[in-house]
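Please read the structure below before turning to the comments.
Where a number appears in this text, it was derived from the coordinates with a stated rule and is not lab data. Quantities reported herein were computed from a predicted structural model and do not represent experimental measurements. Cβ coordinates were reconstructed from backbone atoms using ideal geometry, including for glycine residues, and neighbour counts include every protein chain displayed.
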Amino acid sequence: METSLAITLSMLLPASAVVTNLLFRNNPNLRDGLTLFAAIATFFVVLNILTTVGNTTTETFVLLEVIPGLELAFNVEPLGLMFAILASGLWIVTHIYGIGYMRGNNEDDHARFFACFSFAIFSVMGIAFAANMFTLFLFYEVLTLSTYPLVAHKGTLAAVKGARTYLSILIGTSIGLQLVAVIWTFSIAGTLDFTKGGILEGLIAGPAVAILLALYAFGIGKAALMPFHRWLPAAMVAPTPVSALLHAVAVVKAGVFTMLKVGIYIFGIDFLATTEASVWLMWLAAFSIIASSVIALTKDNLKARLAYSTISQLSYITLGVALATSMGVLGGSLHVVMHAMGKITLFMCAGSIYVATHKTNISQMSGLGRAMPITFIAFLIGSLSIIGLPPLGGSWSKWLLIMGAADAGQLVMIGVLLISSLLNVAYLLPVAGKGFFLKTPNQADPTKFSESPTLVWGPPAFTAFGCIVLFFYAGHIQAFLMPIIAAP
Amino acid sequence: MATQTTHHVAMTLADHLPILQVLIPFITAPLIVFIGRRELAWPLAFIASATSFLIACLLLSKVIGGGVISYQIGGWAPPLGIEYRVDAANAFVLFLVTGIATLVLPYARYSVGAEMPQRTQTLFYSLFLLCMTGLLGVTITADAFNVFVFLEISSLSTYVLIAQGSYRDKRALTASFNYLIMGTIGATFFVIGLGFLYMATGTLNMADLADRLAGQYDSRTVRAGFAFILVGMGLKVAIFPLHFWLPNAYTYAPSAVTTFLAATATKVAVYVLLRFIFSVFQPAFLAETSTLEIIFYPFALLAMFAASATAIFQRDLKRMLAYSSIAQIGYMLLGIALLSETGLMATILHLFNHGITKAALFMGVGAYALRSKSTFYIDLQGLGKTMPWTSAAVVIGGVSLIGVPGTAGFLSKWLLVQAALEQGYWPISMLIVASSLLAVIYVWRLVETLYLSAPNSEQPIREAPLSMLLPLWIVALACIYFGFETDITLGAAKAAAQALLAGSSGMMH
């Protein structure tokens, strides 16, 4: 298949799922089946791109030129392809889970829900294959708008308020800061194309580099760098499939993916390293990692705890960029995959517990592990991967990040990563621990609960298995990503 | 032989396009009254405006590359005779005015039918065309006094059109009267300014004026004339502290009238302002008199923030949009103040993009007014479910108003920020995006009201009729279309900006 055709298809398929969802809103099986078909087809189209282009960077294909120099253009490069595979693959899993969850939970407005969901995936594909910052920014905003109805889905006062926080922070940072950064970049470089080695070297110097980086780093609100992280816990009012795919994978990863793209292809890692413009970002990311882990410790609501854990883990990736070393960037990129697989498992387990027992707080989950063993084992595996223990995927990305910190000569950062791992242990393991080892405190009989429906426990079990598989295939992914750090 | 004759006629017609542009609605307006049949009024008005739109398209296609068409009325050569001149700047505005009129009329058919008694409807269409004639004349003429004449034609008909809202709400009468007073003061100031210029130069043709003014920038008469023109036109534009007539006029006018005025009237006034300060006076004159620093920057920024902040606290959607319009005019003034090609392009592009965006929004409001009988937020609750098509189009308009990428509103804001950065005014670029964020607040308040609030009324509310939905969706989709396809808009804006920046030499043939 032609690459341009494949890219177009990978975006058209989710877009068509939006239409079929709205058309067949009253025929649930046909509607959900067609969406599943679209998800699988999207995944295969993306895999087809993988087999034909591998980890090379393809020619840019320009859809149209909006303003001279500003093009809506797409291409395939390793980082984007990895993101596309990740998002489209996990879309299948989450869609299956979503059908089970939405039906099992008697949620309303399935058609609107899945339509917005597909629309979000459409924008993610646009982000993944964007060939310049303009295109990326466009889809970045579309992603925000398409996920807003998902956050507000329940329509309760809490949902409306959460959605308001979600939108105001994401739109506020992107229009208020990122847009200025993008236009500034355009006005000094005359282009926004993602280019190996960056496009800014020699065109900007002194404190302006750090200011521009700050506009990007805070402007990319989806990366949830403190102090612009509040939207992520706020988004947890959404139904769990949304939290699982969008707020553990698609949306937040779109954020750090943008951060990686900006670091690698706009500034250039070497340029960042020589100007030392990213040192402050490194410290801020480190603060973000530790602070949000500590906050996670205090949260009793499981989804809130996972949300703060996500904020912390996203900052790992920002840290990888800010270290401005090859290993750091590589570790950050690998962490996109590893964290995605781990965190989606955890969220789907949280949803599974909710469907089966309607419990949301960790303190109420004592003893549930015996009633729902698969869910809790999957949760344990996911936790261990996030913590970064072998033989689970998460261990490799942390390893590379630590090497990156060592390369940069930032020994404190190694300490930060280690402390963070310990904090991860402290806030994640008790969940599975309480589930398995504690007795149910009050008179309630744990045996009255049983495992959630197959469509709900199956997907997290699958992704938990994926965490183990990733441990053995991390080398392949690393080799696949090598071109992004190769000298231009 | 026959073909030759046809060819000859066609040639003549093509040559007369500039005058036909004004003449067709001008003649149809009294024709409608003379015929006096209500069922014929609408078709005649529509044919006239569609023909005008066609002419505007032809004119724009001729000058978009940077050309100029000069038409001498009655064969009297300027500066003695009245000249019509079409270049990219005003052809683009003609395109906007006629295009919006052609879309508003099908929309008006149902909306006017519901909002006005039958006996006034015939006169309404006649007045509508008259108002359009005025706006087109103001735009196309190259004679300064002729601008005043057409301005009065459009203003007088506008006062009556606004007053038609009194069948729905009596406050339309005071709104109209208020506008009458303010508008007349504006027009008087404008004509006093022209008088001063005439005193100094003895001519009224714009190119001739520019020529003769060149040596007299120190003259107090000329400076006073400039000040009068600026304030007079500023009232029509609704530059921030001169905007008091606008919110009530927009709120209480019939929906179709509000849509037409919001999308065209202030835009035409902005064009006249551009024409006077760049072509009749020179950009250098602006610098010399510090007009930009004293008037444009502060009032543009004030409008962007004060009017947006006021919009946030409105309880009536129509009034909210009116305040948002005042804020958006701030952007256009800012583009002028930046005094660069990119800045002017931003102004001209925004003039168009904001025109279609507001048209979409006000058409949506009209649909709500029709079905829900009110435009207060409290009565709009939950309409996203009952009027899905209207609401979806309104959301598209709202998103374009914010300037989200992929919409027309985004491109003009992009250019504006870029223009500010080019000049090194990064605080201004931050202010532009900051005021966009205020737009997020007021637009999102609307979205939450429409989609996330429980319906307030017991009666079932139906979707708006197709004849209103269709024009609404055409402009809504135009908001997206012109967010990607920019050959027409950006091409015209670029040619216009270049011509304007060339100063009076841009007026030469």
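A few notes on this one:
- Lys/Arg +1, Asp/Glu -1 at C-beta; the range B:15-507 dipole; positive extreme among B:Pro471, B:Ala224, B:Phe410: B:Pro471
- Other protein chain C-beta atoms within 10 Å of residue C-beta, averaged over A:130-140: 1.
- Extension gain (nm, one decimal) between A:Glu107 and A:Val425, 0.36 nm per residue minus Cα-Cα: 111.1 nm
- Debye log10 I(q)/I(0) for the range A:1-75, one point scatterer per Cα, at q = 0.26 Å⁻¹: -1.08
- Residue by residue along A:154-165, Cβ atoms of other protein chains within 10 Å of the local Cβ number 2 on average.
- Sites A:Thr60 and A:Met482 - FRET efficiency at Förster radius 30 Å, r taken between beta-carbons, to 0.05: 0.90
- Student exercise, the range B:49-159 dipole from Lys, Arg, Asp, Glu Cβ charges, in Debye to nearest 20: 260 debye
- Three semi-axes of the equivalent ellipsoid, the range B:15-507, Cα gyration tensor, whole Å, largest first: 34, 26, 20
- Taking the centroid of alpha carbons for each part, the range A:272-335 and the range A:124-182 are 21 Å apart.
- Listed residues B:Leu129, B:Gln328, B:Ser435: farthest to the positive end of the dipole of chain B (Cβ charges): B:Leu129
- Taking every DSSP helix (H) stretch of at least 4 residues in chain A, weighting each as -39,500 (n - 2.57) and dividing the sum by the residue count yields a mean residue ellipticity at 222 nm of -23500 deg cm²/dmol.
- Relative to the Cα centre, the charge distribution of chain B, modelled as +1 at Lys and Arg Cβ and -1 at Asp and Glu Cβ, gives a dipole magnitude of about 1160 debye.
- Whole-angstrom gap from the range B:376-407 to the range B:195-232, using each part's C-alpha centre: 46 Å
- Modelled FRET efficiency - R0 41 Å, A:His358 with B:Arg315, Cβ distances, 0.05 increments: 0.55
- Assuming charge only on the beta carbon of Lys and Arg (+1) and of Asp and Glu (-1), the dipole of the protein assembly as shown about its Cα centre is about 2680 debye to the nearest 20.
- Inter-chain Cβ neighbour average for residues A:420-430, partner chain, 10 Å: 0
- Listed by Cβ neighbour count within 10 Å, with the fewest neighbours leading, A:Lys299, B:Lys494, B:Lys236, A:Lys161 appear as A:Lys161, A:Lys299, B:Lys494, B:Lys236.
- Relative contact order (%) - criterion: Cα under 8 Å, at least six apart; region: the range A:278-488: 29 percent
- Within chain A, helices built from complete DSSP H runs that reach 18 Å or longer along their own axis (Cα positions) and carry a mean Kyte-Doolittle hydropathy of 0.5 or higher are A:3-23, A:28-53, A:78-104, A:110-129, A:133-151, A:157-173, A:279-298, A:302-323, A:326-357, A:373-387, A:411-437, A:454-481.
- The distance linking the range A:199-270 with the range B:56-132 is 48 Å (Cα centroid to Cα centroid, whole angstrom).
- The lysine pair count for the range A:278-488, using Cα distances under 27 Å and pairs eight or more places apart or on different chains, is 22.
- B:Lys385 versus A:Trp280: modelled label distance in nm, points set 7 Å from Cα along the beta carbon direction: 4.9 nm
- FRET efficiency, B:Tyr217 to B:Ile185 (Cβ-Cβ, R0 22 Å, nearest 0.05): 0.25
- Label separation (B:Ser61 vs B:Phe305): 4.7 nm, computed from points 7 Å beyond Cα along the C-beta direction.
- Given charges at Cβ of Lys, Arg, Asp, Glu: the range A:278-488 dipole, positive-most of A:Ser421, A:Ala432, A:Leu346: A:Ala432
- Placing a label point 7 Å from the Cα of B:Val33 along the Cα-to-Cβ direction, the residues of the range B:122-146 with a backbone N closer than 19 Å are B:122-137.
- Rounded to the nearest 500, the helix-only mean residue ellipticity at 222 nm of chain B stands at -24500 deg cm²/dmol, with each DSSP H run of n ≥ 4 adding -39,500 (n - 2.57).
- Exposure proxy ranking, count of Cβ atoms within 10 Å, fewest first, for B:Ser453, B:Ser255: B:Ser453, B:Ser255
- Order of A:Thr357, B:Thr133 under a 10 Å beta carbon neighbour criterion, fewest first: A:Thr357, B:Thr133
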